[in-house]
Structure formats: structure tokens, C-alpha cells
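Contents: one structure, followed by commentary.
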């Protein structure tokens with residue numbers, strides 16, 4: 001029976017050739033390692049978010065009078081509602097962690113260099129979209145934490161003169177966080193950001209396939225030095241076929257991702273729900289400590305310690321610009337980070353600084 | 001390319017130093033303040049009563065009030081004493097409803113402005129009658145204090161307080177009558193706290209508890225032991241329903257944990273199997 | 001080869017179990033609750049509530065009150081005060097609903113007149129069928 005189905009598809013879309021080129025003969029470099037799976041894990045993470053998000057969408061009501069109650073109903077009244085909500089919450093944080101690990105891997109391996117600058121830019125934009133997802137989704141349960149964290153972050157643009165107030169008002173739909181804010185954040189979260197993400201992800205994946213996977217700089221003798229002056233796809237004729245070898249590694253890391261997710265759901269179900277996340281929003285009562293989510297803490301702390309707010313915002317934008325355009329700043333041909341002590345030091349410094357700022361921002 | 005980007009960045013960042021003095025007020029009001037602050041309401045009453053010019057007895061009042069359960073629920077000076085907390089010049093005028101300090105006989109109605117259920121029970125009670133007849137007798141402030149008012153609890157009934165006017169045994173009988181229900185209330189309060197710690201939104205349970213607890217304590221103000229004993233059955237029944245509700249929620253939380261632990265084992269197991277498969281294939 | 005087949009079989013088994021462990025919750029999540037929520041309606045005879053009077057009822061575990069208002073007809077509102085949950089009482093002389101805990105005052109529509117309550121009293125659906133009042 002499968003034979004006949006296979007035949008039918010073969011005549012129409014050439015299934016055999018497709019499988020051969022994309023799976024069996026698609027080769028990955030011999031020295032590929034487990035860290036190369038993070039991109040795939042992040043993509044699966046996104047898929048989990050979409051599916052659990054769709055489930056939540058069926059019962060969630062995006063109106064300030066009903067948002068909190070509808071989320072509570074999902075947690076307490078709808079059968080297994082708690083499961084999908086927990087997966088969505090844990091998933092949002094784990095996905096950002098997976099993207100972070102992917103980013104670190106690419107950086108350390110030097111895989112952003114020519115000809116892969118566009119891939120890096122696509123990835124940086126994807127990170128930005130993911131954080132926008134996290135930020136817009138954070139408001140939706142309409143808790144004290146949601147409301148006030150959103151108030152703080154939407155007031156950051158006001159530090160920019162002339163356009164700042166206007167930008168903040170567009171973000172909020174008014175002068176304060178209200179139902180108008182909830183509506184537009186919901187619209188973004190559910191209908192604008194998903195296609196944008198898919199577009200960027202498609203672009204990113206297309207480039208990866210088109211240019212070919214970059215080998216790690218370790219383990220093999222140094223690649224021929226570029227300049228890369230004409231297009232040619234990087235293929236690894238003596239590498240391993242993607243299936244089954246690397247597919248197994250991809251699947252292994254996906255299982256690890258899910259195991260971590262369910263470990264959190266079982267043993268630390270409230271790790272992302274401090275006390276303020278269980279109380280409905282009250283515009284007249286500011287909680288004692290207002291903090292954004294962990295992945296924005298370092299940036300927030302940086303803003304707090306720079307006494308001039310305008311300078312603080314400009315520095316943030318400048319840092320983001322440097323991050324986005326990094327392949328144009330680092331055009332050194334050497335890919336092996338172990339042979340580049342200055343970059344190593346710079347990278348370690350930036351990373352440790354980010355971690356310190358994040359922990360500092362927690363208190 | 002790199003130089004271009006770098007120079008654009010510098011061109012944008014440098015003016016920000018100048019923009020720091022963009023507008024004097026803006027700089028002072030916004031740029032140097034914290035990002036989000038408490039909305040501090042102005043209160044003329046507290047401003048004057050905390051100042052050095054005020055006599056010591058009155059000066060202590062704002063601090064006393066700050067420790068109270070009223071303060072935690074945003075009930076402040078004008079809610080009881082009238083007057084206008086926003087405008088110091090007319091804050092204590094008759095026109096703004098200022099009532100001043102009530103005399104002993106006026107206290108029950110002073111507090112009864114809000115606590116009307118309790119006022120009704122109190123006025124019909126022996127304590128209320130005594131106050132009306134002789135001008136002496138326990139009014140609200142005698143048992144609950146005036147500014148540092150805490151949440152009611154059974155320990156307010158003690159020898160020191162009740163023994164002031166009559167023998168303590170009458171009060172002891174009442175305390176015994178209240179004991180069972182109060183104990184149950186304590187157990188359920190612990191249960192609700194545990195619910196919150198477990199991350200469950202417990203407003204419904206808190207409301208039901210509050211409702212029952214307040215009705216019971218209002219009843220106490222009749223100082224009628226037989227009535228309290230008669231109604232104890234009702235209250236224990238209501239509280240038992242509430243207790244079962246809370247136990248059910250904890251049972252549900254346990255079953256959820258089991259389900260997600262099961263899924264954890266499944267995924268962990270699959271990870272191990274895939275790893276072994278990988279090793280087998282590629283030794 | 002034996003080890004390999006065993007591993008593949010075990011993997012298939014766990015995989016199917018995991019899939020089932022998600023399909024079942026998805027199904028339960030989407031299926032509407034069987035039979036609706038508890039009692040759907042409550043019926044009272046019209047003559048039980050003379051003009052100007054009120055009757056306290058319990059509907060779906062919510063204490064409520066049915067009022068027969070002169071000139072405005074029948075209405076059913078929840079008795080649970082939106083402030084902290086005490087039960088409001090019908091004050092016939094002053095034509096209002098009064099909460100004995102902190103003097104929250106509602107009018108006979110359930111709207112807030114004064115006091116600490118943050119929201120009006122929720123109304124219950126009510127219709128009159130002949131000589132019977134049906135709540136719900």
C-alpha cells in the first residue's frame with residue numbers, strides 16, 4: 001500500500017529525488033557537533049509555542065475586564081488547560097534560551113563571517129521578533145506584574161526627545177496602559193508577529209541551505225582562506241548524511257528540550273510566577289518591585305545605572321546596532337576563536353557583563 | 001563599511017550628551033527620577049501631624065496609623081474624621097465635614113459609619129446599653145485602639161481588658177463559645193495562604209472565608225453567649241465546605257504534578273533511547 | 001542488529017505513548033463540558049414576592065436576591081458585595097442594597113451609590129413566564 005502511495009507521489013512531485021537531495025545526500029561536515037542542533041531546537045520551540053498558543057486562544061478573552069478571569073478559567077476550570085498554559089509559559093522562556101545558545105554557538109564558531117552576513121542579520125531580527133513576542137505576550141494575562149512591567153518598558157521611548165512621547169503613545173494606544181494597549185498587543189502577538197517570524201525564519205533557513213553549513217574551525221585543518229568573490233555552495237562531500245546521523249542529534253536535543261520543559265512544569269511550576277503574577281492588574285497600586293522578564297533584565301539594569309536617560313536609550317540602540325551588524329564590524333578572515341585572543345576577551349567580557357547586569361537587575 | 005557604520009553611531013551618540021540638558025524641567029523631573037515610582041498621594045493631615053510643631057501626643061498618630069490594618073487598605077484620616085486632605089487651609093473645617101475627636105458616647109457611631117453591621121449588634125448589646133446609660137462602658141476604641149487598629153482576633157478578649165469593668169469569668173465563657181469557630185477560621189486561613197504559595201488564585205476562597213469570618217465576629221458584638229452557641233453550628237458547616245474546597249484544589253494540584261512527571265519520564269526516556277541508538281549506529 | 005531493533009521498538013512505543021498523552025488532553029480541552037454547569041434555572045412563583053419586597057435565593061451556589069421594584073419591575077442580582085464578599089441586604093425604607101461590613105451602598109439596579117465597592121453587583125438573567133419567575 002505504501003508502495004502505491006509512494007508511486008503516486010513520485011510521478012507528481014518526484015518524491016525520491018526530493019528525499020535524496022534533502023535528506024540522504026544532504027551532508028553535514030565531519031566535525032559537526034551537538035551545538036549545531038540549537039537552531040533546530042529553537043525552531044521546534046517556536047512550533048510548540050504556536051500549537052500551545054492556538055489552544056490558549058480558544059478560551060482567552062483579550063479585554064481588561066475578562067483577560068485575567070479567562071486565564072484563571074483556563075488554569076482551573078478547563079480540562080488540561082493548565083497543561084497548555086504551562087507549556088506556553090515555560091516554552092517562551094526556554095525558546096529564548098535556545099535562541100541564545102544558538103547565537104552563542106554561531107558567534108564562537110565564527111559562522112557569521114562572509115558569505116553568511118545576511119544569515120546573521122536575519123537571525124538578529126528573529127531574536128528581536130522573539131523578544132517582541134515575549135513582551136507582547138507578557139501583558140495578556142493582565143496581572144499586576146504584566147501591567148506594571150509593560151508600563152515601565154513602554155515609557156522607555158519617552159527618553160528620546162521630539163519623537164519619544166509619540167512612539168510611547170503609539171505603543172500604548174494612549175497615555176497609559178489600558179484596554180487599548182491590550183488590544184494592540186494581542187493583535188501583534190497573534191496576527192502580526194507570527195507571519196513576520198515565519199518570513200524571517202524562511203529567509204534564514206533558505207540562506208542556510210543555499211550557502212551550505214559552515215564547518216567548525218576546530219578539528220580539521222584550517223579551511224582555505226577566503227576572499228569569497230563568487231557564489232559557490234558549501235558542500236561537504238566527505239561529510240555524513242544528514243539522516244540518520246545528524247537527524248538523531250537534532251531529535252535528541254528536542255527530547256532534552258521537552259524534558260527540561262516538563263521538569264520545570266513538574267517541580268518548579270511557579271518559577272515564572274512571582275506573587276505579583278497571581279493578582280489582577282490594579283492601575284492605582286504600584287507593586288514594590290517592578291521588573292521585566294529575565295531576558296530583558298540586563299538591558300533594564302543598564303538603563304537604570306546610566307543617570308542620563310536619553311544617553312541610556314541611545315546606548316541601548318547603539319549596542320543593538322552593533323549586534324545586528326556585527327559581521328560588518330568583524331571582517332577578520334580567521335574563523336578560529338582560539339586564534340583570536342582579543343575577540344575572546346571581548347566576547348567573555350561582554351557575556352560576563354550581561355550576566356552580572358542580569359543578576360544585579362533582579363534585586 | 002565598518003568605518004561608515006561606526007561614524008554614524010558616533011554622530012548619533014554624541015549629541016545625546018548635549019540633549020541631557022534638553023530642557024531644564026524635563027531633566028529634573030524625568031531624566032533623573034527612577035523609571036517607575038510609587039504614586040505618592042499628598043495628604044495635608046499627615047503633613048501637619050507629622051511636623052515638629054505638632055504636640056507630641058498628636059505627632060505620634062501618623063506612625064500609629066501606618067502600622068494599622070486600615071492603612072494597609074487605604075483608609076486614611078478623612079475617611080473617619082472627615083475634612084479635606086488635599087487642601088491644608090480648609091482641611092479641618094466644618095464645611096468639609098470635619099468631625100474631630102469623638103467623645104466616648106459618640107465613638108460607636110463614629111466607627112459605625114462604615115461598620116454598620118457591628119454597630120447594630122453593639123447597640124443592642126449589654127456593652128452598648130451600658131455606654132448609653134452611664135457614659136462609661138466599652139466602646140470600640142477601648143478594645144480595638146484608635147489609630148493602630150489591627151485585624152480582629154480572639155486574643156482581644158483577655159483578663160487585662162475585660163477585667164477592667166467586671167469579673168473575667170463572663171468574658172471567659174464568651175471566649176470559649178467563640179473558640180471552636182475561631183480555630184477553624186485559623187486553619188482555613190492557613191489553607192488559603194498555602195494556596196497562594198502554590199500559585200493558585202484564591203480570591204473566591206478568600207471572599208467566602210472573609211464573609212463567614214466577618215459575619216461571625218459581628219455576631220460577637222451582641223455579647224450574647226447563647227446566641228453565639230446557637231449559631232456555631234451554621235458557621236462550622238460553612239467553614240467545613242470551604243475547607244473541603246481547598247483540599248480538593250490541593251488534590252487536583254497533586255494529580256497535575258503526577259501527569260507532568262509522567263510526561264517528563266517519557267521525554268527523558270526517549271532522549272536516552274535516541275542517545276543509545278546513536279551510539280549503536282555510530283560506534 | 002538485535003539491540004538496534006529493540007531500541008527502535010522502545011522508541012516507537014514511547015513515542016506513541018507521548019502522542020496519546022497529548023491527544024487525550026487536547027480532546028478533553030476542546031470538548032464542551034457535559035451537561036452544562038449545575039442547575040440551569042431556578043423557578044419562583046410570582047406571588048411569593050409582593051411589590052416592594054425581596055426574596056433571597058441561591059443560584060448556582062451564588063447567594064442572590066430577587067427584587068420586586070415599584071415602577072421598575074423584577075430584577076435578580078447577586079448578593080455578593082464586590083468589595084470583599086460580604087452579603088448585601090435589602091433596605092426597603094431607603095430603596096437600596098446595603099452591605100453591613102463596610103457600608104457599601106448599591107441602588108436597586110445593582111449600581112454603586114457610595115462606599116468601597118469597586119464594581120456593580122452582577123445581574124442574573126431573569127424572565128417571567130406566566131405566573132412564574134425563571135432565573136437563569
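Worth pointing out:
- Residue A:264 out of contact with any strand residue (DSSP E or B) (no Cβ under 7 Å at 6 or more places or on another chain), within 30 Å of residue B:272 (Cβ to Cβ) and more than 7 Å from chain B (Cβ to nearest Cβ): yes
- Evaluated against (1) surrounded by fewer than 18 Cβ atoms within 10 Å (Cβ to Cβ); (2) within 26 Å of the chain's Cα centre (by Cα); (3) away from chain C (no Cβ under 14 Å), residue B:175 falls short on exactly one condition, (1).
- Inspection of the range A:17-33 finds no residue satisfying the criterion of being closer than 30 Å to residue B:196 by Cβ, more than 10 Å from every other protein chain (Cβ to nearest Cβ) and in contact (Cβ under 8 Å) with a residue 12 or more places away in the chain.
- Residue B:222 vs. criteria outside any helix (DSSP H, G or I), surrounded by 14 or more Cβ atoms within 10 Å (Cβ to Cβ) and more than 9 Å from chain A (Cβ to nearest Cβ): yes
- As a summary of the residue check, residue C:111 satisfies the conditions (1) farther than 25 Å from residue B:216 by Cβ; (2) away from chain B (no Cβ under 14 Å); (3) in contact with a strand residue (DSSP E or B) (Cβ under 8 Å, 6 or more places away or on another chain) except for the one numbered (3).
- For the range A:144-165, a tally of residues being over 25 Å from residue A:196 (Cβ atoms), more than 9 Å from every other protein chain (Cβ to nearest Cβ) and either at pLDDT 85 or above or part of a helix (DSSP H, G or I) (or both) returns 4.
- Matching entry among C:88, C:80, C:58 (being within 14 Å of the chain's Cα centre (by Cα), within 14 Å of chain B (Cβ to nearest Cβ), within 28 Å of residue B:78 (Cα to Cα) and at pLDDT 85 or above): C:80
- Hey, residue B:242 within 14 Å of chain C (Cβ to nearest Cβ) and either assigned to a helix (DSSP H, G or I) or closer than 27 Å to residue B:122 by Cα (or both) or not: yes
- Some residue of the range B:138-148 being surrounded by 20 or more Cβ atoms within 10 Å (Cβ to Cβ), away from chain C (no Cβ under 14 Å) and within 22 Å of the chain's Cα centre (by Cα): yes
- Filtered residue count, the range A:79-99, keeping only those that are within 19 Å of residue A:280 (Cβ to Cβ) and touching a helix residue (DSSP H, G or I) at 6+ places or on another chain (Cβ under 7 Å): 3
- Among the helices (runs of 4 or more DSSP H) confined to the range A:1-120, the ones with at least 3 residues that are on the phi < 0 side of the Ramachandran plot and either surrounded by 14 or more Cβ atoms within 10 Å (Cβ to Cβ) or at pLDDT 95 or above (or both) are located at A:38-59, A:67-76, A:81-109.
- Filtering the range B:198-210 for residues that are more than 14 Å from chain C (Cβ to nearest Cβ), surrounded by fewer than 19 Cβ atoms within 10 Å (Cβ to Cβ) and out of contact with any strand residue (DSSP E or B) (no Cβ under 7 Å at 6 or more places or on another chain) leaves a non-empty set.
- Considering the range A:287-355, the qualifying helices (runs of 4 or more DSSP H), each wholly inside and each with 1 or more residues that are farther than 29 Å from residue A:145 by Cβ, run over A:309-324, A:326-329.
- Leading residue by the ranking (surrounded by the fewest Cβ atoms within 10 Å (Cβ to Cβ)) among those in the range A:122-178 that are at positive phi and touching a helix residue (DSSP H, G or I) at 6+ places or on another chain (Cβ under 8 Å): A:174
- Any hit, the range A:270-284, residues being within 22 Å of the chain's Cα centre (by Cα), in a helix (DSSP H, G or I) and either within 8 Å of chain B (Cβ to nearest Cβ) or buried (at least 16 other Cβ atoms within 10 Å of the Cβ) (or both): no
- Filter result for residue A:263 (more than 19 Å from residue A:358 (Cβ to Cβ) and modelled with pLDDT of 85 or more): yes
- Any hit, the range B:250-257, residues being over 18 Å from residue A:90 (Cβ atoms) and in contact (Cβ under 8 Å) with a residue 24 or more places away in the chain: yes
The values are calculated or read from the model by the stated rules, or taken from the named source; none is laboratory data. Owing to the predicted nature of the structure, the values given are computational and were not obtained by experimental measurement. Cβ sites come from the backbone with ideal geometry, for glycine too, and all protein chains shown count toward neighbours.
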